[in-house]
1. Taking the range 28-48, which residues are assigned to a loop (DSSP other than H, G, I, E, B) and surrounded by 13 or more Cβ atoms within 10 Å (Cβ to Cβ)?
2. I need the full set of residues from the range 67-99 which are of a type in the set (S, T, Y), open to solvent by 20 Å² or more (accessible area, probe 1.4 Å), touching a residue at least 24 places away in the same chain (Cβ under 8 Å) and in a strand (DSSP E or B), in order please.
3. I need the full set of residues from the range 49-66 which are outside any strand (DSSP E or B), at pLDDT 95 or above and farther than 13 Å from A104 by Cα, in order please.
4. Of all the residues that make up the range 17-27, how many are within 12 Å of the chain's Cα centre (by Cα) and open to solvent by 60 Å² or more (accessible area, probe 1.4 Å)?
5. Q4 passes all but one of (1) open to solvent by 60 Å² or more (accessible area, probe 1.4 Å); (2) out of contact with any Cys (no Cβ under 8 Å at 6 or more places or on another chain); which number fails?
6. For the range 49-66, enumerate the residues that are crowded, with 20+ Cβ neighbours inside 10 Å and β-branched (V, I, T).
7. Tally time: how many residues in the range 105-124 are free of Cβ contacts under 8 Å to residues at least 12 places away in the same chain and either open to solvent by less than 80 Å² (accessible area, probe 1.4 Å) or assigned to a strand (DSSP E or B) (or both)?
Amino acid sequence: VQLQASGGGLVQAGGSLRLSCAASGRTFGTYAWFRQAPGKEREFVAAIRSSDRNTNYAASVKGRFTISRDNAKSTVYLQMNSLGVEDTAVYYCAAASQTWIIGAMPRSNSYNYWGQGTEVTVSS
């Protein structure tokens, strides 16, 4: 099982980026994105359930970020719009065998598998 994250880069404030996470080996019940800014703890960003595509977002990104999944490509995306400097972080994709309830989605220990991270830098 491998999760390969990509799509990070340098963008100006107000810009957009789309992150991708290609999952090989199997289909998971729940996928998520987390991020870790310099000097801070890893935090939840967004999650999606494979079965019904229900989603959950952190309050800080709701309305700006969209998580989606392309089953045919076994890929999860994070569309990030209206980026601000506070979004600068290394973004990690994660996957869980379980189909989690909404309340469990933000917990990092809900996820069995993690990608290597892709760096997003937003300049002012």
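1. F28, G29, A37, R42
2. Of everything in the range 67-99, those that are of a type in the set (S, T, Y), open to solvent by 20 Å² or more (accessible area, probe 1.4 Å), touching a residue at least 24 places away in the same chain (Cβ under 8 Å) and in a strand (DSSP E or B) turn out to be Y77, Y92.
3. Correct list: A59, S60, V61, G63, R64.
4. 1
5. Checking Q4 against (1) open to solvent by 60 Å² or more (accessible area, probe 1.4 Å); (2) out of contact with any Cys (no Cβ under 8 Å at 6 or more places or on another chain), the one that fails is (2).
6. V61, the sole residue that qualifies.
7. Selection size over the range 105-124: 0.
The values are calculated or read from the model by the stated rules, or taken from the named source; none is laboratory data. Everything numeric in this text was worked out from a predicted model, so none of it was measured. All Cβ positions, even for glycine, are placed from backbone atoms using ideal geometry, and neighbour counts span all protein chains on display. We work out accessible area using only protein heavy atoms, side chains counted, and drop any ligands, DNA or RNA first. Shrake-Rupley method; radii C 1.70, N 1.55, O 1.52, S 1.80 Å.
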